[in-house]
Amino acid sequence: MTDPNPLASLKTLEEEALGAISGATDAGEVEAIRIRFLGRKDGRISALLKGLGGLSAEERPVIGQEANRVKGVVQAALDAKEGELAGPAASQEYDLTLPARGVWRGAAHPISQAMDEIWGIFRDLGFTRARGPEADTEWYNFVALNTPLDHPAADEQDTLYLQDSVLLRSHTSPVQVRTMQTHEPPIRIIAPGWVYRRDTYDATHTPAFMQIEGLVVDEGISFVDFKATLAEFARRYWGPGTQVRFRPSFFPFTEPSAEVDVKRVVTRADGTREETDWLEIMGAGMVDPAVLENAGYDSERYTGFAFGMGPARIAMLKYGVRDLRTFFENDIRFLSQFAR
Ligand code: PHE
């Protein structure tokens, strides 16, 4: 049966739909209303239009236009309701087209980076790693290293004692003795770790700092091996143009002893190349025979060399940092410059 008044029926449908939409309380309900009224096949509006038999040529466009208007109004009301139910978060606060924000994952501390690079070079040269305790005895820290207890370094002014003869190690050299006591030659080790001294915290001192110790002992190790190994290290770390100098020095546990200096070629911001002053990077020397004997080695048969350096000092020289304290203040504006 043909609808006698399709315009009135459309109006009724529109009101029904809007009433249902305003009463909807969740997205599922909105979707059901959408299908019920606007569904292409069985929706109420489609059904109404299909039910109209032979419309006259005048009626056809009028009804068609009104049907489209009602569809538009219902569609808009459905969309508005959907947005309202999804809440302000989804509709306004998130712009899903924005590029993702970068995530700061952090980076290794510049001193850790220096340690890693230094260790990496010695690893490539065939060294392995060793370690010892931070709380050690006077014997390992001084006596075994040929340093008498009346030496100024052993004084309470300079060293942090825990008990009578137990102290916080003032250098990583005791690891030399501990390694030789527990291992047969050949020895080729790097021993990184914390050391402690009774120093005032200032631009060039901290009471706790990192050191990296090195020790090589075998039959026939000579001064040539010593110089060549450390010069090779310096060139790998500071660059192939680096000059290396061994300056006579004194340590109770090495004989002869040397301070190793480097002179670098640096490229300034304007592109000009310039040589730096000589920069001291480590203490070193041939292991004193008394130390080999104290550790239980036959000093007639074995010789060796040892060295010790501070990665913080090396990082300061490498990056032109003037105040050691900046490494420990954890100002992210300073530290993030070293991130990679
Ligand atoms: N232990 C010395 C220091 O702390 C460095 C060093 C190590 C010197 C090994 C010679 C050989 O200053």
(request) Take the residues in the stretch 226-236 that are over 28 Å from the mean Cα position of the chain (by Cα) and away from the ligand (no atom under 12 Å from the Cβ), then tell me which one is surrounded by the fewest Cβ atoms within 10 Å (Cβ to Cβ). (result) 228
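One line per residue, one yes/no per condition, for (1) away from the ligand (no atom under 16 Å from the Cβ); (2) in contact with a Gly (Cβ under 8 Å, 6 or more places away or on another chain); (3) of a type outside the set (Asp, Glu):
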site	(1), (2), (3)
138	no, no, no
141	no, no, yes
145	no, no, yes
158	no, no, no
161	yes, no, yes
165	yes, no, yes
178	no, yes, yes
181	yes, yes, yes
(message) Can you confirm whether residue 239 is surrounded by 22 or more Cβ atoms within 10 Å (Cβ to Cβ), at positive phi and either away from the ligand (no atom under 11 Å from the Cβ) or not aliphatic (A, V, I, L, M) (or both)?
(response) no
(message) List the strands (runs of 3 or more DSSP E) inside the stretch 262-313, counting only whole elements, that have at least 1 residues being within 16 Å of the ligand (Cβ to nearest atom) and at pLDDT 95 or above.
(response) 279-287, 303-309
(message) Within the stretch 36-60, take every residue that is closer than 17 Å to residue 73 by Cβ and open to solvent by 80 Å² or more (accessible area, probe 1.4 Å) and give me the one that is farthest from the chain's Cα centre (by Cα).
(response) 44
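For (1) open to solvent by less than 50 Å² (accessible area, probe 1.4 Å); (2) assigned to a loop (DSSP other than H, G, I, E, B); (3) at pLDDT 95 or above, each residue gets a yes or a no:
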site	(1), (2), (3)
148	no, yes, no
180	yes, no, yes
190	yes, no, yes
204	no, yes, no
214	yes, no, yes
245	no, no, yes
249	yes, no, yes
(message) Exactly one of these conditions fails for residue 104: (1) among the hydrophobic types (A, V, I, L, M, F, W, C); (2) open to solvent by 80 Å² or more (accessible area, probe 1.4 Å); (3) more than 31 Å from the chain's Cα centre (by Cα); (4) modelled with pLDDT under 95. Give me its number.
(response) (3)
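The values are calculated or read from the model by the stated rules, or taken from the named source; none is laboratory data. These figures come from a predicted structure and were not determined experimentally. Note: ideal-geometry Cβ built from the backbone for every residue, glycine included; neighbour counts use all protein chains shown. Side chains included, ligands, DNA and RNA excluded: accessible areas come from the protein's heavy atoms. Shrake-Rupley method; radii C 1.70, N 1.55, O 1.52, S 1.80 Å.
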